[in-house]
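The block underneath contains the structure these notes are about, expressed in C-alpha cells.
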Amino acid sequence: MGHLITAIGANGEIAAIWTITTCATLGILVRPFRWPEAVWAVAAAALILIFGLLPAAQVLAAVLKGTDVYLFLFGMMLLSEIARREGLFDWIAALAVNAARGSAQRLFLLVYLVGVISTTFLSNDATAVVLTPAVFAAARKAKADPLPLLFVCAFIANAASFVLPISNPANIVLYGDHTPPLLQWLLRFTLPSLLSIATTYAMLRFNQREALRAPCEARVEAAPLSGGGLAAMIGLGLTALVLMIVSALDMRLGLPTAILGIATALVVLIRQRASPVPLLREVSWSVLPLVAGLFVLVEALNRIGVVAALARALEQGARQSEAAIAAIAGGAIAVGSNVVNNLPAGLLASSAIADGHLPQRIIDTLLIGVDLGPNLSITGSLATVLWLGVIRREGEDVGFWRFLRVGIWVMPPALLLAIAARLL
C-alpha cells in the first residue's frame, strides 16, 4: 500500500491529499452523526499514513511538533477541572451576579472585562476552558439567558488573543523561535488589540441587545470558598505569573503549564486523599488527538507544495504593494482559518514565512488574521472548539449556523479596524 502513490503519480498524490483534507474539514465543520471533531482529523491523518501519502517517520514528526501545544492544553484543562470541582467557578459566579445588581447588561460587561484579562494573561484557550464554566454558573445563579454571556467567552477569547505573545498559543506557532521581544510586540499590537476588543464588544453587545433586556437576580448567596477552591485560584494565579515570565524569556509555554496544572491537582487530591481517576475522566481528552491530526494535515499540504506557493505569492505581492498585500493576506487567512481551523492556518503561515522573506507588516497582519478571523465560525479556532466542549458538558449547544449569524456581525469590522491600525 505504501507504494500506491508512486503508481498513480504526483497528480494523484496531490488529488488524494486535497480530497482527504477537504473531507476532514467538512467533517469538522458539519459533524455528521454528531461525531466529535477529533474523529475526522484523526481519520484523515490515518488515511494519509495508510495510503503512503506521508512516510510514517514524517507523520510521527508532524505529531511531535504539537508537543508544546498538547502540554499547554493538558495543564489548562487540569486547572479548569480542579477549579470546577472545588467550587471556584460557583464562588466567582456569585460575586459577579451580586456586582451586576440585577442588570444583565452590567453582568455582560463584567464577564467581558474578566474575559479580556484571562485571555491576555492566561491565553484564549484558558478563557475557553476556565472562564466558560464560571460564566455558565453565573448565568444559572442570576436566572439569566446563558447564551449572550457564553458568546462573550467565545468571542473575547479570539478578540484579545494578540495583546501579548502568551495570549494565544497560535502566536508562538506562527512566529516560532522569532517571537518579537515584549516591548516590540506591544508597540506593534497594542492599538490593533484595543480596537479589536472594543469593536468586538460593541458589535456583540448590539447583536445580543434583545436577550440582555431581561432582568436577572440582583442578589444571590455566595458560599465560602473551600480550601480546594483557594488552591485552584492560587494555581491559576501562579500559572498566569509564570507564563508572563516564561514568555519574556522567550521559552516554550507548554511544560510550565502542565507542571503547574499537575501540581495544583496533586495539592488538592492529596489534601482530600482522593483518587485522581474521577478528575482525569472529566478532562476533554479528545482535543489532543484533534490537534495532532491537524498537524499531520498541515504536513501533508506542505508536501504537495502549498506552503511554497503561498510564500511565492506573498513575496511577489509585497514587491508590488506591501500595504495592499498585507491587508489581503490578513483577510484571506482570517477567512481560511474558518475553513481549516486557525491552528493549521497558523502552521501554514509560519512555514510560508520561514520559506520567504516577508516584510514585518505582512507577518503581523497574518497573525491578526489567524487570531481574530476565527470569530466568524464555530470551528475557526481551537479555543472555540474547547468552548463548545465545555458548554455541551453543561447541557447547552450552539450549531454552526447559529454561531455564524453572530460571527458575521462581530468579526469583519473588528478585523478591518485591527489590520488598518497595524498598517498605519
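Overview of values
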{"quantity": "Residue within segment 174-185 that is in a loop (DSSP other than H, G, I, E, B), in contact (Cβ under 8 Å) with a residue 40 or more places away in the chain, among the hydroxyl-bearing types (Ser, Thr, Tyr) and surrounded by 16 or more Cβ atoms within 10 Å (Cβ to Cβ) present", "calculated": "yes"}
{"quantity": "The one condition in (1) free of Cβ contacts under 8 Å to residues at least 12 places away in the same chain; (2) within 25 Å of Val283 (Cβ to Cβ) that Ala134 fails to fulfil", "calculated": "(1)"}
{"quantity": "Among the residues listed as Ala57, Ala41, the single one being free of Cβ contacts under 8 Å to residues at least 24 places away in the same chain and either closer than 30 Å to Ala15 by Cα or not small (Gly, Ala, Ser) (or both)", "calculated": "Ala57"}
{"quantity": "Set Leu415, Leu386: member being assigned to a helix (DSSP H, G or I), more than 21 Å from Ala349 (Cα to Cα), aliphatic (A, V, I, L, M) and in contact (Cβ under 8 Å) with a residue 24 or more places away in the chain", "calculated": "Leu386"}
{"quantity": "Residue tally, condition at pLDDT below 90 and surrounded by 18 or more Cβ atoms within 10 Å (Cβ to Cβ), over segment 395-423", "calculated": "1"}
{"quantity": "Residue count for segment 201-252, restricted to those that are within 19 Å of Arg106 (Cα to Cα), in a loop (DSSP other than H, G, I, E, B) and without any contact (Cβ under 8 Å) to a residue 60 or more places away in the chain", "calculated": "2"}
{"quantity": "Residue tally, condition β-branched (Val, Ile, Thr) and closer than 30 Å to Ala222 by Cα, over segment 38-93", "calculated": "2"}
{"quantity": "Options Gly380, Gly407; residue that is under 17 Å from the mean Cα position of the chain (by Cα) and either assigned to a helix (DSSP H, G or I) or of a type in the set (Asp, Glu) (or both)", "calculated": "Gly407"}
{"quantity": "Cβ pairs under 8 Å, 6+ apart, first in segment 79-102 and farther than 19 Å from Leu280 by Cβ, second of a type in the set (Ser, Thr, Tyr) and not in a helix (DSSP H, G or I)", "calculated": "Gly87/Ser226"}
{"quantity": "Index of the failed condition, Ala334 passing every other in (1) modelled with pLDDT under 90; (2) out of contact with any Phe, Trp or Tyr (no Cβ under 8 Å at 6 or more places or on another chain); (3) crowded, with 21+ Cβ neighbours inside 10 Å", "calculated": "(1)"}
{"quantity": "Sole residue being in contact with a helix residue (DSSP H, G or I) (Cβ under 6 Å, 6 or more places away or on another chain), under 22 Å from Val130 (Cα atoms) and not β-branched (Val, Ile, Thr), chosen from Leu347, Leu366, Leu343, Leu388", "calculated": "Leu343"}
{"quantity": "Leading residue by the ranking (farthest from the chain's Cα centre (by Cα)) among those in segment 304-331 that are surrounded by fewer than 20 Cβ atoms within 10 Å (Cβ to Cβ) and closer than 29 Å to Leu386 by Cβ", "calculated": "Val306"}
{"quantity": "Residues of segment 37-67 satisfying the condition of being touching a helix residue (DSSP H, G or I) at 6+ places or on another chain (Cβ under 9 Å), surrounded by fewer than 19 Cβ atoms within 10 Å (Cβ to Cβ) and under 30 Å from Ala263 (Cα atoms)", "calculated": "Ala61, Val63, Leu64, Lys65, Thr67"}
{"quantity": "Residue list for segment 77-117, filter: of a type in the set (Ser, Thr, Tyr), crowded, with 21+ Cβ neighbours inside 10 Å and at pLDDT 85 or above", "calculated": "Tyr112"}
{"quantity": "Scope segment 139-155; condition within 15 Å of Gly395 (Cα to Cα) and in contact with a Ser or Thr (Cβ under 8 Å, 6 or more places away or on another chain); matching residues", "calculated": "Leu150"}
{"quantity": "Scan of segment 259-301 for residues that are in contact with a Ser or Thr (Cβ under 6 Å, 6 or more places away or on another chain) and within 30 Å of Glu13 (Cα to Cα), ordered by number", "calculated": "Leu297"}
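The values are calculated or read from the model by the stated rules, or taken from the named source; none is laboratory data. What you see is a predicted model, and the numbers here were worked out from it, not measured in a lab. Methodologically, a virtual Cβ is constructed for each residue, glycine included, from the backbone with ideal geometry; neighbour enumeration extends over all protein chains shown.
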